[in-house]
Amino acid sequence: MKKIFLLIMVLTAVMAVDAQKPVQELKENASLSASNFTAYPGPTQWKLTPPPAGMKPFYLSHYGRHGSRYMSKMQEYDKLLDVLQQGERLHVLTPLGEDVLQRVTAVCKEAEGRLGELTPLGREQMQMIAKRMVERFPEVFEGTVTVDARSTLYSRCILSMEFSLLQMVKMNPRLNIVSDASASDQSVLSFNDKELMQNILADDARKAFDAYCRSKACWERVIGQLFTDTAFVNSQIDGERLNYYLFRMASTIQNMEVRKQLTFYDLFTDEEIYMNWQATNAYWFMGYGYTQLNGNKQPFMQRRLLRRIISDADSCLKLKHPGATLRFGHDTVLLPLVCLMGLNGYDKSIRDLNYLEKRGWVDYRVFPMAANMQIVFYRKSPGDSDVLLKVLLNENEATLPLPADQAPYYRWSDFKEYYMKLLDSYEENNQ
């Protein structure tokens, strides 16, 4: 009995520490609160687990988000700028408000004419990820091997693809590069399942999400410090919405050149940064994670992509030297794909939004700018049918919901069987 009690106490302590981890991480590094605007941190695992004896990498399958970008909607810049300029005209800005107006003006100046485009930092991210990919798995990229790369139609994705390929060719000029950005690939690389998208915040899901966000509202102090006239704030400003735009700008500048001169995080307390992030974290979970609130289906919006990854691998594994298949797209694809595959336990179904962090749902660990998933295949020789694979999420070894006696290495046969059954089951039940 004492042993059971001790085990319970240990597990409770572990859960408590894990629950506090985002709080501490955000306190130490506020930029993580940017969620999908977090600049790519690079791998934390520099030494990868060696493969079993005699096994060598021979094929790599990839899906990657574009590198750092500017915000994609003009209102994300203009709404904040317009209110502050109105406050200046009416002489109701505090000295801090005047200072924030100058900061916002500088951000808008850099972003002018570049909505949604790749930033210089984004280019560097793609080059470094490609460089590490070739350095870590040289056998995959040696000789005249083919690298087949596809992108969605957005310029930031196309440029991310091209900067990656240029880096690879720089390292091996003999590579046979095949690249394309065609509408014919969009239904796979960026599938928009309208039915599932409409299902995100229906009925109980909307009520739960709204209640959770209300509990995280913390705009009064932040917005109040910018204006001298409370009547102006109460009658002319949607404070909650303005806080949203201010926090978005605080989040996005880490991807821009202006990050070297200014910040907005000084306007928020640690608690306010944390609460703003919690609301955003819940938003991404509701849209792309597994929850009973909206039917436990959202990750299946990327079922076509997972099928393509499997079918492409099936074809490539028959080749003596298949090379690599690279795909470039978006956070709204990579996040549900990670959940669908259950990488690092992101296939957990969570009903109560207050338990997201305790259950390990932390968005910035999955899809920062330039986020990527790499599936690396291993075998002893071209005729070897016992193929192994491992998955890297953001260049760190990830776990799969599969049996593995040599983790983080898994059998391709187990991988294919598990996910094909999962996909077939969903489609049979939703015809």
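So the values come out like this:
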item: Hits in the range 39-70 (condition: of a type in the set (Phe, Trp, Tyr), open to solvent by less than 20 Å² (accessible area, probe 1.4 Å) and closer than 14 Å to Val366 by Cα); result: Tyr63
item: Evaluation of Gly345 against (1) touching a residue at least 60 places away in the same chain (Cβ under 8 Å); (2) open to solvent by less than 40 Å² (accessible area, probe 1.4 Å) (one fails), failing number; result: (1)
item: Test for Ala106: is it over 26 Å from the mean Cα position of the chain (by Cα) and either hydroxyl-bearing (Ser, Thr, Tyr) or not in a loop (DSSP other than H, G, I, E, B) (or both); result: yes
item: All positions within the range 244-269 that are open to solvent by 20 Å² or more (accessible area, probe 1.4 Å), within 17 Å of Gly224 (Cα to Cα) and within 23 Å of the chain's Cα centre (by Cα); result: Tyr244, Tyr265
item: Single unsatisfied condition, Asn255 versus (1) without any contact (Cβ under 8 Å) to a residue 12 or more places away in the chain; (2) touching a helix residue (DSSP H, G or I) at 6+ places or on another chain (Cβ under 6 Å); result: (1)
item: Restricting the range 377-416 to residues that are among the aliphatic types (A, V, I, L, M) and buried (at least 19 other Cβ atoms within 10 Å of the Cβ), the residue that is farthest from Leu334 (Cα to Cα); result: Val387
item: Pair list, Cβ under 8 Å, 6 or more apart: the range 116-138 residue touching a residue at least 60 places away in the same chain (Cβ under 8 Å) and assigned to a helix (DSSP H, G or I), other residue open to solvent by less than 40 Å² (accessible area, probe 1.4 Å) and of a type in the set (D, E, K, R); result: Gly122/Arg69; Gly122/Arg156; Ile129/Glu395; Arg132/Glu395
item: Flag for Tyr419 being of a type outside the set (Val, Ile, Thr), more than 23 Å from the chain's Cα centre (by Cα), buried (at least 18 other Cβ atoms within 10 Å of the Cβ) and not in a loop (DSSP other than H, G, I, E, B); result: no
item: Residues of the range 205-243 classified as under 26 Å from the mean Cα position of the chain (by Cα) and in a helix (DSSP H, G or I), total; result: 15
item: Residues of the range 159-187 that turn out to be surrounded by 18 or more Cβ atoms within 10 Å (Cβ to Cβ) and either part of a loop (DSSP other than H, G, I, E, B) or within 18 Å of the chain's Cα centre (by Cα) (or both), as a count; result: 4
item: Residue check, Glu98 open to solvent by 10 Å² or more (accessible area, probe 1.4 Å) and more than 26 Å from the chain's Cα centre (by Cα); result: yes
item: Filtered residues of the range 282-337 (kept if surrounded by fewer than 20 Cβ atoms within 10 Å (Cβ to Cβ), under 18 Å from Phe415 (Cβ atoms) and touching a Pro at 6+ places or on another chain (Cβ under 6 Å)); result: none
item: Residue among Met128, Met74 that is closer than 23 Å to Arg241 by Cβ and not polar (S, T, N, Q); result: Met74
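The values are calculated or read from the model by the stated rules, or taken from the named source; none is laboratory data. Keep in mind that what you see is a predicted model, and the values were worked out from it rather than measured. Reconstructed Cβ throughout: ideal geometry from the backbone, glycine too, with neighbour counts over all protein chains shown. When the accessible area is computed, the model is the full protein with side chains, heavy atoms only, and any ligands, DNA or RNA have been set aside. Shrake-Rupley method; radii C 1.70, N 1.55, O 1.52, S 1.80 Å.
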